[in-house]
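Read through the structure below, which is laid out as structure tokens, and then see the notes.
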Amino acid sequence: MRTAFVNQLIEEAEKHPNIFLIIGDLGFNVVEEFARRFPDRFLNIGIAEQNMIGVAAGLAKEGYNVYVYSIANFPTLRCMEQIRYDVCYHNLSVKIVAVGAGYAYGSLGASHHATEEMGMLRAIPDMVVASPGCPLEAKMITSISANYNGPMYLRLGKAGEKQVHCAEPASLKMGDILEVRKGNAAVPAVVATGSILHYASEFLKEKSIDASLYSVPFVKPINREHIKHLAETYNNIIVLEEHQKACGLGSAVVELVSDMYANGELSCFPKIKRVAIDDCFYHLSGSQSYLRNNANLMLTEEMFDTNL
């Protein structure tokens, strides 16, 4: 995903002279081409993430659309106060780009796990939260971000993620939910966000489960009409995410469906099962798949058995 992001950002920087990229002393072998082509719009600020957000806010006040890029936990968890007061309070055009969301840097331990930040940022006013599921979605979201004047969080995987969509979606607008595969409406539908989307796609194929799969590239905002369509079409929905169960995509879906049901927009309330990280730390180091398994971020065939 990070390569798709940088390549698209270079394309956007050719068209938008106000795009500025700041890194926190990482991204080598990834960002060099941007730095070579736009040396006056690139800055390595060093290992000083809180200062990086402040510098980005200052550049945004001068009219730049600023991207700050670092390993997922550092420009988010370490910088919540600066994001809230320096960026979002002033509704500035700063894009926080986190590479290695979830357990992507699992071998480095809990200090490098980004499993709560989406919920924290989702709660801050004016912040858009984007969580692409594959490189194609990362590319499309980068293009959207280049044309958006306001705070935005891009939650990327690390590297090597595979494409999930058979073809590029005809369009993607902020908040849209994308259909990956259409299945039997009597079977629970899977709604996923982030790089774990590929796991969900492969699981349904390998188990020959005739279930629909949807990707949610934006956790905030989410298209209400798209959520309403899902709630009216499926009696059972499974929400899958590599994030704490509290305040993530599952919470956002339940909140929207509950509000629509309470307002009379929905005649029934579907069953919504959340597959996410329980309220605990995992004091383990290992691969992303190893940590996902330990956190029970797994689908099972029983979840799709309509007779249970």
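Taking amide hydrogens as modeled 1.01 Å from N in the peptide plane, which residues meet the under 5 Å criterion relative to residue 153, leaving out close sequence neighbours?
Under 5 Å from the amide H of residue 153: 96, 128, 129, 130.
Go ahead and set up a Gaussian network model of the chain, Cα springs under 10 Å, then flag whichever of 117, 202, 49 fluctuates most.
Result: 202 has the largest fluctuation of those listed.
For the chain, what is the per residue volume of the convex hull drawn over the alpha-carbon atoms, in cubic angstrom?
Taking the convex hull of the Cα positions in the chain, it is 128 Å³ per residue.
Work out Dmax and Rg for the stretch 50-133 from the C-alpha atoms and quote the Rg first, both in angstrom.
Rg then Dmax for the stretch 50-133, in Å: 12.5, 40.
Show the residues, 5+ positions off or on another chain, whose built amide H is closer than 5 Å to the amide H of residue 42.
Amide H to amide H, under 5 Å and 5 or more residues apart or across chains, residue 42 pairs with 21.
Classify the stretch 19-78 from the C-alpha gyration tensor, please: rounded if a/c falls under 1.5, else prolate or oblate depending on whether a/b exceeds b/c. Walk me through the intermediate numbers first.
On the way: a/c = 2.12, a/b = 1.07, b/c = 1.98.
Cα axes put the stretch 19-78 in the oblate bin.
Which order do the peptides 186-198, 31-43 take when ranked by the mean count of other beta-carbon atoms within 10 Å per residue, highest first?
Numbers: 186-198: 25.3, 31-43: 14.8.
The packing order, highest mean first, is 186-198, 31-43.
So which of 173/273; 162/273; 15/245; 15/220; 95/228 end up more than 31 Å apart, counting from Cα to Cα?
From the list (173/273; 162/273; 15/245; 15/220; 95/228), the Cα-Cα distance tops 31 Å for 15/245.
Considering only DSSP states other than H, G, I, E and B, which chymotrypsin sites (Phe, Trp or Tyr not before Pro) in the stretch 62-96 qualify as loop sites with at most 13 other Cβ atoms within 10 Å?
Values: sites: 64, 67, 69, 85, 89; in loops: 64, 89.
In loop regions of the stretch 62-96 (DSSP not H, G, I, E or B), there are no sparsely surrounded chymotrypsin sites (Phe, Trp or Tyr not before Pro).
On a C-alpha basis, how far is the centre of the stretch 90-149 from the centre of the stretch 8-59 in Å? Whole number, if you could?
16 Å
Among 240, 136, 154, which one shows the highest mean-square fluctuation when the chain is modelled as a Gaussian network with alpha-carbon springs under 10 Å?
The residue that fluctuates most here is 136.
May I ask for the distance between the Cα centers of the stretch 183-218 and the stretch 282-297, given as a whole number of Å?
Cα centroid to Cα centroid, the span is 21 Å.
When each pair of different Cα atoms in the stretch 100-139 is counted once in the 1/r mean, what is the Kirkwood radius in angstroms, to one decimal?
When all Cα pairs of the stretch 100-139 are included, the Kirkwood radius is 11.6 Å.
How big is the C-alpha Rg of the stretch 178-304 next to the rule-of-thumb value 2.2 N^0.38 Å, as a ratio?
For the stretch 178-304, the normalised Cα radius of gyration is 1.05.
Short version: what are the Cα gyration tensor semi-axes of the stretch 2-156, square root of 5 times each eigenvalue, largest first, in whole Å?
Equivalent ellipsoid of the stretch 2-156: 20, 18, 15 Å, largest first.
Among 171, 107, 285, whose mean-square fluctuation peaks in a Gaussian network model of the chain (Cα, cutoff 10 Å)?
Evaluated over the chain, the most mobile residue of the options is 171.
Kindly provide the chymotrypsin sites (Phe, Trp or Tyr not before Pro) of the stretch 203-308 that DSSP labels as loop, not H, G, I, E or B, and whose Cβ sees at most 15 other Cβ atoms within 10 Å.
Answer in residue order: 281.
Readers should treat all values here as calculations from the given coordinates under stated rules, not as data from a laboratory. Fair warning: this is a prediction, and the values are worked out from it, not measured in the lab. Please note: Cβ atoms are built from the backbone with ideal geometry, for glycine as well, and neighbour counts cover all protein chains shown.
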